[in-house]
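One structure is given here, and the rest of the page talks about it.
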Amino acid sequence: MDGLLDRALILHLVAYRDADLMVSMLAEGRGRLDASAPAGRKSRTRYQAGLDKYCVLELELATDRRGRHRIRSSRLVDPLEGLRSDVERLAAAELVCEVARATAPEGPEGGVLFAPVLALLRLLAAVDRGRVGPVTWGGLLWVLATQGFVPRDCRCARCDASPAPGQDLLFSLSSSSLRCEAHALDPGAMHRLSPGARALADAATSGSLRPLAQGEAADGDLRLMARYAEIRVHEVLPRVPRSLEFFRQVVG
């Protein structure tokens with residue numbers, strides 16, 4: 001059974017045999033899927049411009065009776081070249097793609113993740129270098145919220161109430177959900193999410209990354225928002241991926 005995928009974003013590549021590739025991708029209409037690419041490291045006739053990570057392609061797939069996918073041909077749609085301009089952007093792109101690969105389901109329900117992931121990568125390719133960190137963490141909140149892993153707004157997980165003006169919410173690695181002062185498990189051991197950081201997190205989970213990319217948010221609020229996002233990523237992923245360790249080393 002053959003079909004044409006409108007667009008797909010390559011998340012990961014693994015070389016095998018002499019010239020073949022295994023390709024993990026996020027497809028616009030079919031969610032996450034894996035496919036083999038015979039001669040994927042050599043053929044430029046079958047795979048126009050080659051196969052590379054962080055590229056958007058139009059793919060023609062063949063699917064056998066056992067449900068295994070094979071790429072018959074590809075056409076480059078967007079190389080996202082800006083992601084390769086410095087190591088900070090590469091580290092961010094690797095982390096975003098690994099989170100998408102680990103969380104996106106197969107099938108149409110996973111396809112809804114294509115738009116936010118692609119929008120985030122395009123923003124990372126164009127944003128000022130000093131903004132790569134905040135945009136990455138805010139974008140990951142958006143990606144996770146799209147799948148229901150993160151609440152759309154910052155409220156206490158116990159009483160579902162927003163804190164009073166000027167009051168913080170609290171969170172920790174052992175309890176990534178936000179808590180108000182009255183329902184905090186151990187206030188002395190928990191991080192505080194200030195009103196400014198909450199506003200940044202709320203905007204990010206709704207898909208508005210402009211305050212992170214262009215705004216003048218306080219450094220303290222940016223750090224708190226990033227810490228909250230990192231703990232949310234830890235909550236979803238079964239282990240700490242190498243991409244996260246690399247991102248910490250390069251971007252902080």
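Just a few scattered comments:
- Only one entry in Ala203, Ala217 is surrounded by 15 or more Cβ atoms within 10 Å (Cβ to Cβ) and in a loop (DSSP other than H, G, I, E, B), namely Ala217.
- Of the residues making up the stretch 185-200, those that are of a type in the set (Gly, Ala, Ser) and outside any loop (DSSP other than H, G, I, E, B) are Gly188, Ala189, Gly196, Ala197, Ala199.
- Count of the stretch 126-140 residues, restricted to those that are under 20 Å from Phe246 (Cβ atoms), in a helix (DSSP H, G or I) and of a type in the set (A, V, I, L, M, F, W, C), is 4.
- So Pro165, is it surrounded by fewer than 15 Cβ atoms within 10 Å (Cβ to Cβ) and on the phi < 0 side of the Ramachandran plot: yes
- Here the stretch 22-52 is the region considered, the condition is being assigned to a strand (DSSP E or B) and out of contact with any Phe, Trp or Tyr (no Cβ under 9 Å at 6 or more places or on another chain), and the residue that is farthest from Gly67 (Cα to Cα) is Tyr47.
- Flag if Leu76 is within 25 Å of the chain's Cα centre (by Cα), buried (at least 16 other Cβ atoms within 10 Å of the Cβ) and not hydroxyl-bearing (Ser, Thr, Tyr): no
Every number here is computed from the coordinates shown, using simple stated rules; none is lab data. Just so you know, these numbers come straight off a predicted model, no measurement behind them. Note that we place each Cβ from the backbone using ideal geometry, even for glycine, and neighbour counts take in every protein chain shown.
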